[in-house]
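The block underneath contains the structure these notes are about, expressed in structure tokens.
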Amino acid sequence: MIAYTLRRLAQGVPTLFVVITLSFFLMRLAPGGPFDLERPLPPAAMENLRRVYGLDRPLPVQFGRYLAALATGDLGPSFSFRDLSVADLFARGLPVSLTLGALALALALTLGLGLGTLAAYWRGGLADRLVGLAASLSLSLPGFVVAPLLQIAFGLTLRWLPLSGWEGGAPSHLVLPVITLALPQVGAIARLTRTALAETLRAQHIRTLRAMGVPPWRIARHALRAALLPVVAVLGPLAAALLTGSVVVETIFGLPGIGRYFVDGALNRDYTLVMGTVVLVAVLVLLFNLLADLLSALLDPRLRLGA
């Protein structure tokens, strides 16, 4: 298992390097810069700023210096948030984004697995059709449509929950963002679970267990474990989708997560903040995929044996 983990980690290093390289040069080659304000600075002041931040060097030199700093864990200073480093901003925003993503993932797995199991056991019936309809609706509605609808319904009309903000990290401020972020993934997991479990329940070994008089709860446990494999396989991309989708959700609901910092950095041409966000998201995506692969290997030893 250790060799399998190390092999998967080694495969992710080239991917991370390509992401960093493309993001760095695309950011630098795009028009505009971090100090191009509405009121232009004098040429001498602009030149001093560029020299202080090393932006007067050739691009290959800048890239080499960035990689050297990144190897030591230094993400650099923020150009738009003065007196703060990118690491300082992430220390503030990352707990919010991870909390939001973890709660959304837990909600999506709970509802998706439950609804998919219900549809699989009553396939072709009313429950199956209702779950299919609900899954299609959840997949077709983007977050920027769902979020305002939830704000109007539960914030303005019923006044049950706050519209936006993060006052002291109150749990009530996370309810609507978590639902918005989790809703599309509920439909995806429900469909996948329904398909995998329905196929497993029709398998020959399940029919053999029924013929032998094995209790239904033991058959259900065996079938669910087999059906979980495709669901676990998509946990990595699913967690990545929740993390990247939080950019829109955090902006709409005014949450101080890394998504809002990324948007602010992109608007202000904050090179280091945008690059730091890209690197952080890329690392998290690779880790999520690695964890999903390890869980899949635990459920199916043939994967880690190369079968």
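Every read-out reported here was derived from the displayed coordinates using simple, explicitly stated rules and does not represent laboratory data. On a predicted model such as this, the values are computed, not experimentally measured, just so you know. Glycine also receives a Cβ, built like all others from the backbone with ideal geometry; neighbour counts cover every protein chain displayed.
Ordered by the number of other Cβ atoms lying within 10 Å of each residue's own Cβ, fewest first, VAL283, VAL249 fall into the sequence VAL283, VAL249.
3J(HN,Hα) couplings calculated from phi for the stretch 21-30 with the Karplus curve 6.51 cos²θ - 1.76 cosθ + 1.60 (θ = phi - 60°) are, in sequence order, 5, 4, 5, 4, 6, 5, 4, 6, 7, 5 Hz; Gly and Pro show x. FRET efficiency for the VAL18 to ALA91 pair, using the beta carbon distance and R₀ = 25 Å, is estimated at 0.35.
In this structure the amide hydrogen of SER85, modeled in the peptide plane, comes within under 5 Å of the amide hydrogens of SER78, none closer than 5 places in sequence on its chain. Site pair TRP160 and ARG207 shows an inter-label distance of 4.6 nm when each label is modelled 7 Å from Cα along Cα→Cβ.
Calculation over all alpha carbon pairs of the chain in 20 angstrom steps from 0 returns a P(r) of 26, 49, 21, 3, 0 percent.
Report the local net charge at LEU118: Lys and Arg +1, Asp and Glu -1, summed over other residues whose C-beta lies under 15 Å from its C-beta.
Residues near LEU118 contribute +3 overall.
Neighbour counts of other Cβ atoms within 10 Å put TRP122, TRP217, TRP166, TRP160 in the fewest-to-most order TRP217, TRP160, TRP122, TRP166.
For the stretch 93-256, a simple Cβ point-charge model (Lys and Arg +1, Asp and Glu -1, everything else neutral) yields a dipole of about 860 debye relative to the Cα centre.
Projecting the Cα atoms of PRO184, VAL249, THR117 onto the dipole axis of the stretch 93-256, where Lys and Arg carry +1 and Asp and Glu carry -1 at the beta carbon, places THR117 farthest toward the positive end.
Taking a ≥ b ≥ c as the square roots of the eigenvalues of the alpha-carbon gyration tensor, the stretch 88-154 is classed oblate because a/c is 1.5 or more while a/b is no larger than b/c. Working ranking of peptides 270-280, 218-228, 19-29, 44-54 by packing, defined as the average number of other Cβ atoms within 10 Å per residue, highest first, is 270-280, 218-228, 19-29, 44-54.
Computed from phi, the 3J(HN,Hα) profile of the stretch 210-227 under the Karplus parametrisation 6.51, -1.76, 1.60 (θ = phi - 60°) reads 5, 5, 7, x, 5, x, x, 5, 6, 5, 4, 5, 5, 5, 5, 5, 5, 6 Hz, with x in place of Gly and Pro.
The string of couplings for the stretch 77-85 from the Karplus curve (6.51, -1.76, 1.60, θ = phi - 60°) is x, 7, 7, 9, 9, 5, 6, 10, 8 Hz, one whole number per residue in order, with x for Gly and Pro.
How big, on average over all directions, is the shadow cast by the Cα convex hull of the stretch 93-256, in nm²?
Numbers: hull surface 42.7 nm².
Value for the stretch 93-256: 10.7 nm².
If you take all other residues with their beta carbon under 12 Å from the beta carbon of PHE81, and give Lys and Arg +1 and Asp and Glu -1, the sum is -1.
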